[in-house]
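The values are calculated or read from the model by the stated rules, or taken from the named source; none is laboratory data. Bear in mind the structure is a predicted one, so any value in this text is a computation, not a measurement. Here the Cβ positions follow ideal geometry from the backbone for every residue, glycine too, while neighbour counts run over all protein chains shown.
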Amino acid sequence: MMNDDSQINGRWATAEAFYSERDHRTQLEIRNFHKYVNAPVEIHVSAETAECISAQQVALLAANLTARWARNIVVFAPDVRLAEPLRRQGDEYLSARIHREMHEADPFGEFVIQRTPSSHPASLRLFVGQPSTSQELNECDYVIDASGWSAIGYRGNSALPKTPHIDAFGSAAALAAAIGAGDLFKRAIGHAPKQWLRSIRWCTWHHMLHDENSCGGHPPLPDYIDLGNLLIAGVGAVGSALLYILGLSECRGRVTLLDRDCIETSNLNRSPLFTAVHAALGMNKTEVGKQFLEGLDIETNVVQGTWREHGANLSAQSFDVWVSLTNEDGAWAEVPFQLPPVVIHGTTTSGWGIGCGRHIPKIEDCTSCRLPRPHAEFRGPCSEGDVASPNQVEQVRASLPFLSAAAAALVAIELVKLDLPNVTALPNSVSADFATGLQTLIAVSFGPTAGCRGCEMASLPLWNERGGRGRYAQLSIDGSSERKVA
């Protein structure tokens, strides 16, 4: 087999050819996108917390996502070893994995890792973790961090009190990384300062945007993620990002992946998992996902095709949760009629919005009544911008580089919550809009919809033999967090 460089050079003769393919869909959303991709970007990793796993999780994903569009990045990171769960493909040090992932995302970019912090006056700067007192930050800089269940972000000139570092849940760290990458992107394309990301503390347990531990208690962080027997339908932008985020923590369980597509160059703009070599070889998304999960020692099964082709057979299997990330052929309207167990969905809109939902049969609504019918695409309540090329009537959904990871982080968080007490008392629908800088969250709870045939399907005796076999079936009976006893 050819080496990576030969595969890449054989696929793209020039850097311009690569970027033309990779950035096409984002250019549909951002006019004159090419003017901003060469802006110098700096990512500063705090020396004080760089050895903490949550700081490393934030730094890895933030750098990875930024390399999906920026071509001139300097990462300032101390020479620290990776935390054990983050050692992948022979990487032992944080700087080595950061550099590898950026180069795999964009083999033509100018990516530099330095140990000693310095700055270029024109650089867009993102800080990971509490900056040192010797670093002077201004109102253009942004700082991201994570603590416990919370993703944290604030502008560099904010007078926020220094708090003790607490390792965060991996998905909260991933959400912080997506928020930071989003702010860099917004500054690069010229959004007005009032649209930049503001100071936030996003509690992913209660889904409060400005939580200062006033929203109630938080359960202890789990030692690992127990995926059980999980179906992930859709390994595209959100699905592949979900796999990457799961890989930031220790996971156990079995996973079945469903998708029909091969990796294209344009996928590299939105997925932290896919590499230029994957696109050069046109590999199946499911096969790349399987290789990644098996590297985490997770038993993985692959189903190549669409939900319409395989949904009936998959519904006869004893899954604990379906993660539904595809709406091809109106799959979301069809899902409840296959008598599923718990369903979690995640999506981006064709503008700047993200959404995530949980559907516990009998006590919560279903995907058929919450999401549009087959003739309409999801348009989250916060962002409804259409994206279309001049000669194209059909609307195009163009996920911006950081949105898929943010939506995937919310899905990963919901997977973990299912194993914890009082999950049914928490919101089951979360939406946010990055266009105006995350001014608010929409976090609500929906019960079954009166007259919805999809919701009524869970009342059929046959549901007990299908969806009711999962380990969370007890949630549908009385809303408790106790698992079904075999």
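Assorted remarks:
- Residue selected from the range 343-365 under the condition assigned to a strand (DSSP E or B) and hydrophobic (A, V, I, L, M, F, W, C), by the criterion farthest from Trp463 (Cα to Cα): Ile354
- Only one of Gln135, Gln130 that is touching an Asp or Glu at 6+ places or on another chain (Cβ under 7 Å), farther than 30 Å from Trp12 by Cβ and either in the same structural domain as Glu84 (by TED's automatic domain parsing) or part of a helix (DSSP H, G or I) (or both): Gln130
- The test for being closer than 29 Å to Gln317 by Cα, among the hydrophobic types (A, V, I, L, M, F, W, C) and touching a residue at least 12 places away in the same chain (Cβ under 8 Å) does not hold for Val277.
- Looking only at the range 79-96, and only at residues there that are outside any loop (DSSP other than H, G, I, E, B) and either among the β-branched types (Val, Ile, Thr) or at pLDDT below 95 (or both), the one that is nearest to the chain's Cα centre (by Cα): Pro85
- Each residue in the range 309-321 was checked for being outside any loop (DSSP other than H, G, I, E, B), touching a residue at least 60 places away in the same chain (Cβ under 8 Å) and within 18 Å of Lys290 (Cβ to Cβ), and 1 of them qualify.
- Pairs are defined by a Cβ separation below 7 Å, a sequence spacing of at least 6 or placement on different chains, a first member in the range 326-341 that is crowded, with 24+ Cβ neighbours inside 10 Å and modelled with pLDDT of 90 or more, and a second member that is among the β-branched types (Val, Ile, Thr) and not in a helix (DSSP H, G or I); the pairs so defined are Val335/Val343; Pro341/Val321.
- Pick from the range 106-121, criterion small (Gly, Ala, Ser) and surrounded by 12 or more Cβ atoms within 10 Å (Cβ to Cβ), ranking: nearest to the chain's Cα centre (by Cα): Gly109
- Leu28 being part of a helix (DSSP H, G or I), at pLDDT below 90 and among the aliphatic types (A, V, I, L, M): yes
- Among the residues here, Thr116 qualifies as farther than 24 Å from Ser158 by Cβ, among the hydroxyl-bearing types (Ser, Thr, Tyr) and modelled with pLDDT under 95.
- The set of residues in the range 189-219 that are more than 22 Å from the chain's Cα centre (by Cα) and at pLDDT 90 or above comprises Gly190, His191, Ala192, Pro193, Lys194.
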